[in-house]
Structure formats: C-alpha cells, structure tokens
Amino acid sequence: MAFINHFEEDEVEQEYIRSERQSRLYSTRAVIVIGPLIFLGFFMLTPVFSSNEAFAIFNITTVVTVAFFATMMFVTGTRHYIEKTWLDVLPFICLSIAAAVLMTVLVRTVDPEQLDLTKISVIFFGLIYFIASVLFVANVRLFMIWAIGLLGVFFVYMETHGISIDEMYHSVVNIGFFLLFAIFSNWEVDRRAREMFVSRQQLDLERKKTEKLLYNVLPQQVAKRLRAGEVVADSFSDISVVFIDIVGFSKLSKQLSPGHLVEQLNGFFLIADQCANRHGIEKVKTIGDCYLAVSGGTTSNGPGAKEAVNFAIDVIAEMQNRAAESGIDIQLRVGVHSGPVVGGVVGTNRLAYDYWGDTMNIASRIEGAAEPNGIAVSAATYFQCANSHKFGSPETIPLKGVGDTTIYRLKPAMEER
C-alpha cells in the first residue's frame, strides 16, 4: 500500500470500503448526532448571539443544520452511504457554510478590536477536524482534499474580510496543527483497519480450507453439529448399506507393481465416489480394497434401497468400461442390506462419521456371496425395490456369524443399467 492507503486490486478495495463503512456505521451515526450539537453549542456560548438579529440568524442556521444532519442520518441507513464515499463530505460542507454564516455575523456585529478571530477559528477548526477524522470512513484521500481545501477557503475568507496578515498567519499556523493531527488520525485508523481486513481475509481463507477438509471426512450437516459442540450420535431405523469389494485383490496385487496397483485402486475409488455423487449416496469409508457406502443416512431421507442398487449397477458398469480401456479386468462384488443402524462421530485426532450394527455386518457377509460383477441383496432390500429391478429366485445361504439368510441376485446386472 502507498502513503494514501489503497489495495492494488480494485475489487479488494471496494470490498474493504463496504465492510469498513458497514462495521463503523453505529459510530458514524453517533458522531452525526453529537457533532452538530458540539458545533452549535460552541456558537451558542458566544455572547454576541444574544442580540435579536444575530439570534434569529443563529436559529435559522440551527434549523437548517439539524435538518441536513437528520437527512444524513437517514442516508447512512441506505446502501448509498456504503457504496458512495463522496457522501462523507456533504455534512462538512453544511457545517462549513453554517460556520461561515455565523462567523460573518460575528465580524459584522462585534468590534474588530474585541473579536479574537484567531481563538474562535482555531477552536472551530479543531472541533470540525476532529469530527471529520471520525466520519470520513475508509476515505483518507477525500478527507485530505476536503481538510486542506477548507483551510484554503478560510484563508480566502480572512483575506476578503480585512483580517490582518499577522492574525491570518497565527490562525493558519495553529489550525495547521489540528489539520496535521486530524489527517494522521484518519490515516492511522484507516491503515490499521486495512491490516485487520487483510487478517480477516486470511482467517476466512483458512477457515474455508478447514471446512473443506472437514467436509471431506464428515457430512456437512454432521460437521456443523460438531462445530456447534454437539455430541453427534444418531439412530436410523431403516438404512441401505452397500459393500463393494474387488474380486481376487490378493491375486491382482501379485500381478501388478505397487505403483500400478495403487493407480488401479485409486481409479476404482474415484469411480465409486463419482457414482455416489450422482445417486445421492453417502460414502462412509474405504477398507483396503472395499468401498462402504450408505443410502438413507445423514445426507438423504428414507431407506434409499433403489438408489443403493442403482449406485451399485453404475459402479460395476463404469469399472467394466475402465477395464476395456486399460486392459486390466477388475471385477467387483456388491452386497446390499437394509435395516437399522447407529451412526456417530468417533475419534479425536482423525474424525470420522461411522455406522454400526448388525445391518453393517450382514451387508458385508452378503457381499461375499455375490458373484463377480454381480449384486446380491437381502430380503429387506429386495422387497423395497422388487418393482424397479429384476431379481433371480430367492436363495437361502449360510452366512458366517449370521446364520441362514435369504438373498436375491440382480439378474443380469448390466441389463439394469
């Protein structure tokens, strides 16, 4: 930033101006109320305004000034004040005109030998510069132009009203001290505000990065609950769990180099993620070469059995397309089961939203009973999507840790695509 503070990018500069003027709106309104009262009180204490003619002029000036500042109070509540910085100069033009009128009354009604114009002008300029240094928000350049211009106008005023050179010199020098202090104050406040603005931008950027990382490992709704300090523990009465596993992964790992194997595995997970996004499926985690997802969890409503089966069909089809291009025939097995589960966030250093329950175990066992590039579902899943997909006859097979279980095989999987 140069001496006159300004960001290089115009968009950043405009964003700073809007945010700073918005954040200092209450203090601006307070000064708009207090400033004219101090100004008018200063002239009210001057004895000359006790005369009828001077008092009448003072009253008229007061009414006009109050009306103008009431208008400015209204303007600060609109978007025009936030966007148009040149509005800052208007109330001080009003004060300057009012001051010129009242000082002219002083010069005409008081004996020049009894009128200490230097003291009056110094006090007036000290007040008005102090008020202006607060009211010119994110507007240093215009403040400097106005402040120096006002001093020049006052010099011309003294010249045209027969003020002595000595008195003019003392007035300008004393007012100059107030001017320099006011410019420095306004400039320093603006400089610090810009530093805070940059710091806030950096904090916002880091916050967005943190949120992005958090949303990569947790569903967005869960992440918001966790940031709010909630204990995240949920119960789902009916959810569809999808287990996808690579057929013969151990054999495949012996045929491919480690780098090539990781490349193929990453390709599988990427395809599964893309399909999950298309079908509104929630990815839970990967376990070795296994991809675990749920339909009807934290990111969707209802059990979602149809969506789960459609997701499985899509993954198998995409992997077959990849196999045709790469020449590496990677086949998948898919198991789907629907039922109640419990979900929640586990861990402190590496957060994860996980699901538990017999439904998860049964889905895993059913996946092991599926054929290569085949999809096997439980009876609970079958009855939810029998009308939308074609299945083979029911089969009762023993599953480890589960017992005899009825499953249905999607037949044929690729015709359902």
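The values are calculated or read from the model by the stated rules, or taken from the named source; none is laboratory data. Because the structure is predicted, anything quoted here is derived from the model rather than measured. Counting neighbours? That spans all protein chains shown, and the Cβs are built from the backbone with ideal geometry, glycine included. Protein only, heavy atoms only, side chains kept; ligands, DNA and RNA dropped before computing areas. Shrake-Rupley method; radii C 1.70, N 1.55, O 1.52, S 1.80 Å.
Listed values, structure above:
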read-out	value
All helices (runs of 4 or more DSSP H) inside region 37-115 with 3 or more residues being more than 34 Å from the chain's Cα centre (by Cα) and at pLDDT below 75	52-75, 90-109
Residue count, region 322-353 (criterion: surrounded by fewer than 20 Cβ atoms within 10 Å (Cβ to Cβ) and over 41 Å from the mean Cα position of the chain (by Cα))	8
Residue in region 246-260 that is open to solvent by 20 Å² or more (accessible area, probe 1.4 Å) and either closer than 15 Å to Thr298 by Cα or among the acidic types (Asp, Glu) (or both) present	no
Among residues of region 136-194, those that are acidic (Asp, Glu) and loosely packed, with under 15 Cβ neighbours inside 10 Å, counted	3
Number of positions in region 357-372 that are free of Cβ contacts under 8 Å to residues at least 60 places away in the same chain and in a loop (DSSP other than H, G, I, E, B)	3
Wholly enclosed helices (runs of 4 or more DSSP H) of region 211-321 bearing at least 2 residues over 20 Å from Asp354 (Cβ atoms)	249-255, 258-279
Scope region 5-20; condition modelled with pLDDT under 80 and open to solvent by less than 40 Å² (accessible area, probe 1.4 Å); matching residues	Asn5
Pair list, Cβ under 8 Å, 6 or more apart: region 381-400 residue outside any strand (DSSP E or B), other residue modelled with pLDDT under 90 and surrounded by fewer than 18 Cβ atoms within 10 Å (Cβ to Cβ)	Lys390/Lys411; Lys390/Glu415; Gly392/Lys411
Condition check for Ile271: touching a residue at least 40 places away in the same chain (Cβ under 8 Å), over 24 Å from Gln221 (Cβ atoms) and surrounded by 22 or more Cβ atoms within 10 Å (Cβ to Cβ)	no
Test set (1) at pLDDT below 75; (2) assigned to a helix (DSSP H, G or I) - Ile131 fails condition number	(1)
Single residue of Val345, Val315 found to be in contact (Cβ under 8 Å) with a residue 40 or more places away in the chain and either basic (Lys, Arg) or within 16 Å of Ser295 (Cα to Cα) (or both)	Val315
Which numbered condition Val284 misses (of (1) more than 24 Å from Val222 (Cα to Cα); (2) modelled with pLDDT of 85 or more)	(1)
Of the criteria (1) surrounded by 10 or more Cβ atoms within 10 Å (Cβ to Cβ); (2) in contact with a Pro (Cβ under 6 Å, 6 or more places away or on another chain), which one Ser237 fails	(1)
Hits in region 218-264 - residues which are within 36 Å of the chain's Cα centre (by Cα) and hydrophobic (A, V, I, L, M, F, W, C)	Leu218, Val222, Ala223, Leu226, Ala228, Val231, Val232, Ala233, Phe236, Ile239, Val241, Val242
Residue under evaluation Lys208, criteria (1) touching a residue at least 60 places away in the same chain (Cβ under 8 Å); (2) under 24 Å from Glu9 (Cα atoms), criterion not met	(1)
